Structure formats: C-alpha cells, structure tokens
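Q: Quick one: this structure, given as structure tokens, is what I'll be asking you about.
The values are calculated or read from the model by the stated rules, or taken from the named source; none is laboratory data. What you are looking at is a predicted structure, and each value in this text was computed from that prediction instead of being measured. Cβ: placed from backbone, ideal geometry, glycine included. Neighbour counts: every protein chain shown. With ligands, DNA and RNA removed, areas are computed over all heavy atoms of the protein, side chains included. Shrake-Rupley method; radii C 1.70, N 1.55, O 1.52, S 1.80 Å.
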Amino acid sequence: YTAKRHRTGVALYDEARDGQGRHRLELAEQLRAAFGRGELVLHYQPKLHLGGDAVAGVEALVRWQHPQRGLLYPDAFIDVAESSGLMGELTVAVLDLALAQTRAWADDGHPLEVAVNVSPSNLVDERFPDEVAARLRVHGLPASALVLEVTESLLMEDRERAVAVLRRLRDAGVGIAIDDYGTGYSSLAYLAELPVTELKLDRAFVGTMVESPRNQAIVTSTLQLSHALGLRLVAEGAEDQATVDALADLGCDQVQGYHLSRPLPPADLIGWLRARAGRTAPLPA
Ligand code: C2E
Ligand code: MG
Ligand code: MG
Ligand code: MG
C-alpha cells in the first residue's frame, strides 16, 4: 500500500514537471518568434534628480504582448529567454527599441538618458560592446545617453570576462549601474575595482527606510560609499512622498518608484513629461 502510494506520488510529480517542461519549451518557441512579430514592447519608468526635481532619465522595462496570454511581465519569460539561449537576442531587441524611442524623444525636445537591463550572457559575450556601439551609431545617440544595468550576482559568474566587457563599454562612454544594490554578495573590494558609474539601491532598503532606522542607516552609509567612490546613487522603489523627502534630505542623487510614476508605455510617458514640463517641487502625489 505504501509502495503504491509512493509510486502514485512519483507519477504525479513527474507529470507536473513534464508539463512544466513542455510549457517552458513552448514559451521559448513563441518567444523566438515574438522578436520578428513586434510582440516585445517597452515600458519606461522615469527617474528624477533629487534637489532640483528635474527628470534624470528613464529605465526601459521589457513586456511581452503575448497573442493568447496578454501582456506578460519579465518574471514570466526572462528565465526562459536565459535558459533557451535567447537572451542575447532579447537584449539587442530591447536596446534597439529603447534607443529608437530615446532618439524620438530627443527629436521631440525631451533629451533623456535611457537605462537598459542586461543579463549574464551579455557580459560574457565579447561582441556585446561592439553591438552596443553599433546600435548607438544607427540611432545617432552618444554613448552618454545610455546606462546599462547589471546585477551583482551576474558579476560573480565569470568575473574576469564580465569586467573586461564592462571596461570596454565604460571606455566607450556608456554608463554602468549596479542594479538591486545591497541584495547581492559582492565585496566592497570588488566594487571599488569595477568600472561602474552608478549604484541603484534595492527597494528592500528604500521602501521601509522611513519606519526602519536600520534601513535608513543602510541608505546613509551606501550614499557615503557611493559618493566617496565618485558614483551616483539612485534609490529604487520610493512609494510615497515621505520616502522621497527622506532621500532628498540625505542627499541621494536620484529616485525612481511608483510614487513618481509606474513604468509607462511611451505614449503615456510623453504625456507625463509634458505635464511636468516647467514644473517645480512638490512632486506629483
Ligand atoms: P529592475 O531592473 O530592478 O526593475 C525595477 C522593477 O521594480 C520593475 O519591475 C518596476 O516596475 C518595479 N518597481 C519600480 N518602482 C517600484 C516601486 O515603487 N515599488 C515596487 N514594488 N516596484 C517598483 P518589472 O518591470 O516587473 O521588472 C522586473 C525585473 O525584470 C527588473 O528589475 C529587471 O531585473 C528585469 N528586466 C526588466 N526588463 C528587462 C530587460 O529588458 N532585460 C533584462 N535582462 N531584464 C529585464
Ligand atoms: Mg533595472
Ligand atoms: Mg533594480
Ligand atoms: Mg529589482
């Protein structure tokens, strides 16, 4: 009886896992086709300068307009893209869309810096810096218009190669940000030798800093560290005015979060920018 139950358990487990495997395979096939069909779209979330209140730039965040399943968020397909070898293609597609949009905004009187997230496979690809340079040229943008966001864990995987790729991008003038800073495990010694220009402090610390003296201490010390290393600090995940005010008081450089704006489709972002034009403090509620 026990053995039978055990077998049933195993069968059920395998079936579930098989189903998931098929699902992932199907999703990978669909994603491969999605590039050519224009199903990848970007939403843009603004970043503001603290102290001055001007728009500093935008972060491009990928979504997949899936023909059957609707708008999918990165959580639903980034892992699949990575494990099926599609990440290089996805990043170039995102880069191309983001730079084309940035060019259009600049032509419309809104010169913005754009940030694009990159993944581990990009940073071990020696052709990546040339690809980035080529995309910038095609869209007629200076390298200083682009920031690439990398995560700490990504830098641990094949460190030497990743640092070499980052160095070439940085030498070309592209900005480099460490995303979700504080949640990884890179040492401060490593950080000091990385060719980075910006730290993006993870929202785990920022979101609760007003109530949590511990998290506020983390924000304060990360700010000191950033400035001592000549880096700018961007706080992610500010969801209310009190947090934005606290960050401004501490001297944080830039802020991003739902309180300022959710990530928006380009047509909505242009409306947001126009509504803000000429506007000074206070921030929109
Ligand atoms: P991320 O780069 O850290 O992006 C910030 C994420 O936090 C976004 O989620 C954004 O919508 C969300 N967020 C922004 N402000 C707030 C806030 O105030 N509160 C809360 N709770 N969340 C906030 P999203 O768009 O779902 O993206 C999730 C992650 O997917 C990104 O995290 C990034 O790691 C990855 N990702 C997005 N687009 C791309 C891409 O084009 N390429 C790659 N490789 N990864 C991407
Ligand atoms: Mg990011
Ligand atoms: Mg982040
Ligand atoms: Mg994050």
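Q: Are there any pairs with C-beta distances below 6 angstrom linking a residue in segment 131-160 that is at pLDDT below 95 to a residue that is open to solvent by less than 30 Å² (accessible area, probe 1.4 Å) and more than 16 Å from ligand 3 (Cβ to nearest atom), with the two at least 6 apart or on different chains, and if so which?
A: L155/A162
Q: Could I ask something else about it? Do the conditions hold for V124, that is, is it over 29 Å from A235 (Cβ atoms) and away from ligand 2 (no atom under 16 Å from the Cβ)?
A: yes
Q: Can you find even one residue in segment 77-94 that is in a loop (DSSP other than H, G, I, E, B) and open to solvent by 10 Å² or more (accessible area, probe 1.4 Å)?
A: The answer is yes, given that some residue of segment 77-94 is in a loop (DSSP other than H, G, I, E, B) and open to solvent by 10 Å² or more (accessible area, probe 1.4 Å).
Q: Also, I was wondering about something else. Take the residues in segment 109-133 that are surrounded by 14 or more Cβ atoms within 10 Å (Cβ to Cβ) and small (G, A, S), then tell me which one is farthest from ligand 4 (Cβ to nearest atom).
A: Ranking the candidates gives A133 first.
Q: Can you tell me which of R167, R127 is charged (D, E, K, R) and over 25 Å from L191 (Cβ atoms)?
A: R127 is the lone residue from the list that is charged (D, E, K, R) and over 25 Å from L191 (Cβ atoms).
Q: Examine segment 252-259 for a residue that is within 13 Å of L50 (Cα to Cα) and away from ligand 2 (no atom under 15 Å from the Cβ), and state whether such a residue exists.
A: Among the residues of segment 252-259, at least one is within 13 Å of L50 (Cα to Cα) and away from ligand 2 (no atom under 15 Å from the Cβ), which makes the answer yes.
Q: Could you name every one of the helices (runs of 4 or more DSSP H) located completely within segment 175-284 that has at least 1 residues being among the hydroxyl-bearing types (S, T, Y) and open to solvent by less than 50 Å² (accessible area, probe 1.4 Å)?
A: 213-228, 241-250
Q: May I ask you to verify whether G109 is at pLDDT 95 or above and not aliphatic (A, V, I, L, M)?
A: In short, no.
Q: Pairs, please: C-beta under 6 Å, at least 6 apart or cross-chain, first residue over 26 Å from F77 (Cα atoms) and open to solvent by 10 Å² or more (accessible area, probe 1.4 Å) and in segment 44-62, second among the basic types (K, R) and in a strand (DSSP E or B)?
A: A56/K47
Q: Moving on. Between residues in segment 197-208 that are among the β-branched types (V, I, T) and residues that are open to solvent by 10 Å² or more (accessible area, probe 1.4 Å) and within 12 Å of ligand 4 (Cβ to nearest atom), which pairs lie under 8 Å by C-beta distance while being six or more apart or on different chains?
A: Here the result reads V206/E236; V206/G237, each pair linking segment 197-208 to a residue that is open to solvent by 10 Å² or more (accessible area, probe 1.4 Å) and within 12 Å of ligand 4 (Cβ to nearest atom).
Q: With within 16 Å of ligand 4 (Cβ to nearest atom), of a type in the set (A, V, I, L, M, F, W, C) and within 21 Å of the chain's Cα centre (by Cα) as the only criterion, which of L141, L136, L199, L169 stands out?
A: L199
Q: Which numbered condition trips up S153, out of (1) within 16 Å of ligand 4 (Cβ to nearest atom); (2) outside any helix (DSSP H, G or I); (3) closer than 27 Å to L97 by Cα?
A: For S153, the failing item is (2).
Q: So T151 passes all but one of these: (1) open to solvent by less than 20 Å² (accessible area, probe 1.4 Å); (2) within 13 Å of ligand 2 (Cβ to nearest atom). Which condition number does it fail?
A: Among (1) open to solvent by less than 20 Å² (accessible area, probe 1.4 Å); (2) within 13 Å of ligand 2 (Cβ to nearest atom), T151 violates only (1).
Q: Among the residues of segment 90-107, are any without any contact (Cβ under 8 Å) to a residue 24 or more places away in the chain, of a type outside the set (S, T, N, Q) and closer than 28 Å to E160 by Cβ?
A: No, that holds for no residue.
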